[in-house]
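One structure is given here, and the rest of the page talks about it.
What follows draws every value from the coordinates through simple rules; no lab data is involved. Everything numeric in this text was worked out from a predicted model, so none of it was measured. Backbone-built Cβ (ideal geometry, glycine too); neighbour counts: all protein chains shown.
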Amino acid sequence: MGRYRSPVFPYRSLGASRARRRVVVVGAGPVGLTLAIDLRLRGIDVTLVDEDDTVSSGSRAICWAKRSLEIFDRLGVARPIVERGIIWNKGRVFHRDREVYAFDLLPEAGHSLPAFVNLQQYHVEEVLVGRAESVGVELLWKHRVNGLDLRDQPALTVETPDGTRILEADWILACDGARSQVRRLMGLPFSGQVFEDRFLIADVHMQADFPTERWFWFDPPFHPGGSALLHRQADDIWRIDLQLGRDADPVEERKPERVIPRLQAMLGADKRFELDWVSVYTFQCRRLDRFRHGRVLFLGDAAHQVSPFGARGGNSGIQDADNLAWKLALVLDGKAPERLLDSYDAERGPAADENILHSARATDFITPKTEMSRLFREAALSLAGEHAFARRFINSGRLSSACVQRGSPLNTSDVDAFADRMCPGSAAADAPSGNGWLLPKLGGRDFTLLRFGTEVDGPLASVEATSDEAIQRYDAKPGTAYLIRPDQHVAARWRQPTRAAVEAALARARGHAA
């Protein structure tokens, strides 16, 4: 089972029994690779260690949201991911044998990237590994962390084919997933909810003419009493999720003789397909109380876990990396105080809470636990076909979007009247700009002043926006300006900025001002 064959990456030895590195990233999944690439592009020497020497098995994460694609674009990897993957913006929701409603996640024109691209995690990881190698990340495969000493100089104990090594690090960035060894070694507990419901994931290879949309069924005729999800991936692989219930035996349900009849009932008895990957899973909505512990910081599933409904796991981890990289680079370059790193927890903690809330609500709607919850779901589904107000109650997974970091200590509050859409803490919106696009001109290595008309005297590079789409999305008037962070989030905005106002907001966003 499984058509994809991962490359085997070369083992490189640390050499000496004890070595020291400036920054060590633990875990070569999408989050760890994204973080390592971002740091390296900012001029930081970074070492990435992983216990394996291949990319992940099974497609695992498949839905990469627009914000993740924008981050990938800044890192130089969006093009191969978009070209290889399946682009989609639309979805449909079904109840039993009828369509309830359809939705479009990107209804307006003038964006360079789609709402979502579906691409198997192993393909994404392979692209990221290639980019990491090209920019000079030190990749240490077959280095398994099994010890951690945080006295004085942080040090990892790693097992390698050459024996045990001690790897000292100024900073340890734990991206080692849901079963994080770093988290376990530090004895850090998760808080939150564990769900007992079981779901079947089947990646199926087949030729099919279904449209490239997200299809979700509540109580379908082919799987009564449960739910089902259908997604297209690259290489003629289709992702199918089926709700099994709490009492399902995970060992039995993975067997082909159990899986194939379920899929035939869904796809049709005459549909030819091959199983590519099968898993039965339960999930958790939990998180660490804090993501920063001195010189150790946690990202992705090592820091927080959600259900898969809404594609919030991998995408939120990519945004963790995006949030942390520029801050750590400024600190290491001596351009910001170390307390700037506390804002990583202050911003990404609430983002994790938001993702957990949406994820838990989706799970409760998909798998109602009480008769009252079931009746509410039935009423919403019955009304939604003809009454738009009922559609907002239907929750098959609120699909991932960038968290608005309203309470960030790095924000400068509005002093002028603006529409709410692009408030401080928001991810900057893309728009046409000349012969290209606006977003690639913003952020990156430093802060940027986005202006609409008037030049502003000050210490920053500036970008002028003139397109109708940019003016509308940023609620701009002549003289309007936005301070954009290196991660392309809004830090401040003004109708008529002064140099003093820009410098004060810049100092705050770099962690110099309380």
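Brief remarks on what is shown
- Spatially, segment 1-46 and segment 430-508 are offset by 34 Å when compared through their Cα centroids.
- From least to most packed, judged by other beta carbons within 10 angstrom and beginning with the fewest, Leu113, Leu148 follow the order Leu148, Leu113.
- With 5 Å bins beginning at zero, the pair-distance distribution over Cα atoms of segment 278-341 amounts to 4, 15, 22, 22, 14, 10, 7, 4, 2, 1 %.
- Binning all Cα-Cα separations of segment 63-185 at 5 Å, short to long from zero, yields these whole-percent fractions: 2, 9, 13, 14, 13, 13, 11, 9, 6, 5, 3, 2, 0.
- Dipole magnitude of the chain about its Cα centre (Cβ charges: Lys, Arg +1; Asp, Glu -1), debye to nearest 20: 560
- Each residue of segment 338-348 was assigned a 3J(HN,Hα) from its phi angle through the Karplus expression (A = 6.51, B = -1.76, C = 1.60, θ = phi - 60°), giving 4, 5, 4, 5, 5, 5, 4, 5, 5, 9, 7 Hz with x at Gly and Pro.
- Within segment 115-145, GluC sites (Glu not before Pro) in DSSP loop having at most 14 other beta-carbon neighbours inside 10 Å: none
- Dipole of segment 432-509, positive end: most advanced residue of Ile471, Ala509, Pro440 [Cβ charges, Cα centre]: Ala509
- When the trypsin sites (Lys or Arg not before Pro) in segment 240-279 are filtered for DSSP coil states and for at most 12 other beta-carbon atoms within 10 Å of their beta-carbon, the remaining sites are Arg246, Arg272.
- Remark: relative contact order (the chain) = 15 percent; criterion is Cα-Cα distance under 8 angstrom and separation of 6 or more residues.
- With 31 Å as the limit, the listed pairs Lys90/Lys441; Lys90/Lys369; Lys66/Lys255; Lys335/Lys441; Lys66/Lys271; Lys255/Lys369 have Lys66/Lys255; Lys66/Lys271 beyond it between alpha carbons.
- Fewest-first sequence of Leu375, Leu128 by Cβ atoms within 10 Å of each Cβ: Leu375, Leu128
- Rounded to the nearest 500, the helix-only mean residue ellipticity at 222 nm of the chain stands at -8500 deg cm²/dmol, with each DSSP H run of n ≥ 4 adding -39,500 (n - 2.57).
- Taking amide H atoms as placed 1.01 Å from N in the peptide plane, the amide H of Leu148 lies under 5 Å from those of Thr157, each 5 or more residues away in sequence or on another chain.
- Residue order, fewest to most beta carbons within 10 Å, for Cys285, Cys175, Cys63, Cys423: Cys423, Cys285, Cys63, Cys175
- Qualifying trypsin sites (Lys or Arg not before Pro) for segment 70-109 [loop in DSSP, other Cβ within 10 Å: at most 15]: Arg96
- 5 angstrom amide H check on Gly177, placed H, neighbours 5+ away: Asp301, Ala302
- Centroid-to-centroid separation of segment 351-426 and segment 280-300 [C-alpha atoms, Å]: 22
- Across segment 402-414, rounded Karplus estimates of 3J(HN,Hα) from the backbone phi angles (6.51 cos²θ - 1.76 cosθ + 1.60, θ = phi - 60°) give 5, 6, 8, 8, 5, x, 5, x, 8, 6, 9, 5, 4 Hz, Gly and Pro being marked x.
- Each residue of segment 26-37 is assigned a 3J(HN,Hα), and the resulting list reads 9, x, 9, x, x, 5, x, 5, 4, 4, 4, 5 Hz, derived from the Karplus form 6.51 cos²θ - 1.76 cosθ + 1.60 (θ = phi - 60°), x at Gly and Pro.
- Gyration tensor over alpha-carbon atoms, segment 432-509, equivalent ellipsoid semi-axes in Å: 19, 15, 10
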